[in-house]
1. Collect the residues in the range 94-140 that are assigned to a strand (DSSP E or B), within 13 Å of residue 48 (Cβ to Cβ) and aromatic (Phe, Trp, Tyr), keeping them in residue-number order.
2. State yes or no: is residue 115 out of contact with any His (no Cβ under 7 Å at 6 or more places or on another chain) and of a type outside the set (Lys, Arg)?
3. Tell me which residues, restricted to the range 141-161, are of a type outside the set (Val, Ile, Thr) and not in a loop (DSSP other than H, G, I, E, B).
4. Looking at residue 85 and the list (1) touching a residue at least 40 places away in the same chain (Cβ under 8 Å); (2) in a strand (DSSP E or B); (3) of a type in the set (Ser, Thr, Tyr), which single condition is not satisfied?
5. Yes or no: residue 25 within 26 Å of residue 165 (Cβ to Cβ), exposed (fewer than 11 other Cβ atoms within 10 Å of the Cβ), at pLDDT below 95 and among the basic types (Lys, Arg)?
6. Among (1) in contact with a Phe, Trp or Tyr (Cβ under 6 Å, 6 or more places away or on another chain); (2) surrounded by fewer than 18 Cβ atoms within 10 Å (Cβ to Cβ); (3) in the same structural domain as residue 151 (by TED's automatic domain parsing), which single condition is residue 101 missing?
7. Given the options 65, 99, name the one that is closer than 30 Å to residue 153 by Cβ and out of contact with any strand residue (DSSP E or B) (no Cβ under 7 Å at 6 or more places or on another chain).
Amino acid sequence: MDESIEGRRVIYKGRKVDLALQPVRLSDGSTADREVVVHRGAVAMVPMVDRDHVCLVKNFRYTVGRTLLEVPAGTLDPGESPDSTAPRELAEETGYRAGSIRRVAEWLVSPGVMTERMYLYLCEDLEPGPTDHQPDEKLETVVLPWAEAMRLVLNGEIDDAKTRLALLLCDRMRG
């Protein structure tokens with residue numbers, strides 16, 4: 001999809017992202033190359049343990065050098081749809097299997113520099129099971145009262161954008 005944009009050329013192929021150069025026409029008529037991070041897309045899940053409790057993960061993020069409290073999330077595998085990625089990632093990261101998984105939103109993560117589209121799922125009717133963390137993941141599940149999760153979002157203690165947006169959107173759905 002993204003590689004087909006006219007003139008875009010991939011200069012680095014990575015495990016999760018590629019780096020491309022995209023020619024753009026500037027206001028003076030000249031052209032310049034801009035970097036584009038090409039990403040397959042990702043899912044984020046809001047796993048409701050019950051009506052008033054949500055499961056989040058403490059996730060060490062080497063990019064910022066600290067542990068963040070986040071909704072579980074993961075990258076689509078090549079050729080995988082968001083609808084099949086969500087239950088796989090939910091089970092891998094939290095151990096939960098959901099009786100009900102519903103897509104509730106999608107958005108572009110950072111369209112100024114990357115192509116990533118994130119798909120948000122509300123997961124309910126959960127059954128516990130084993131996790132299957134990737135070797136580079138340092139995850140710990142945390143079940144919080146919904147009111148506490150919203151307090152953490154609103155006072156800035158949760159500063160991961162996907163988690164803030166996911167919880168705020170689901171809070172709005174709750175009424």
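The values are calculated or read from the model by the stated rules, or taken from the named source; none is laboratory data. Keep in mind that this is a model prediction, so the values were computed, not measured. A quick note on method: Cβ atoms are made from the backbone with ideal geometry, for glycine too, and the neighbour counts reach across all protein chains shown.
1. 121
2. no
3. Answer for the range 141-161, where residues must be of a type outside the set (Val, Ile, Thr) and not in a loop (DSSP other than H, G, I, E, B): 144, 145, 146, 147, 148, 149, 150, 151, 152, 154, 161.
4. (2)
5. No; evaluated as a whole, the condition is false for this residue.
6. Single failed check for residue 101: (2).
7. 65
Yes/no per residue for (1) part of a loop (DSSP other than H, G, I, E, B); (2) without any contact (Cβ under 8 Å) to a residue 60 or more places away in the chain; (3) of a type in the set (D, E, K, R); (4) out of contact with any Asp or Glu (no Cβ under 6 Å at 6 or more places or on another chain):
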| position | (1), (2), (3), (4) |
| --- | --- |
| 18 | no, yes, yes, yes |
| 38 | no, no, no, no |
| 59 | no, no, no, no |
| 64 | yes, yes, no, yes |
| 78 | yes, yes, no, yes |
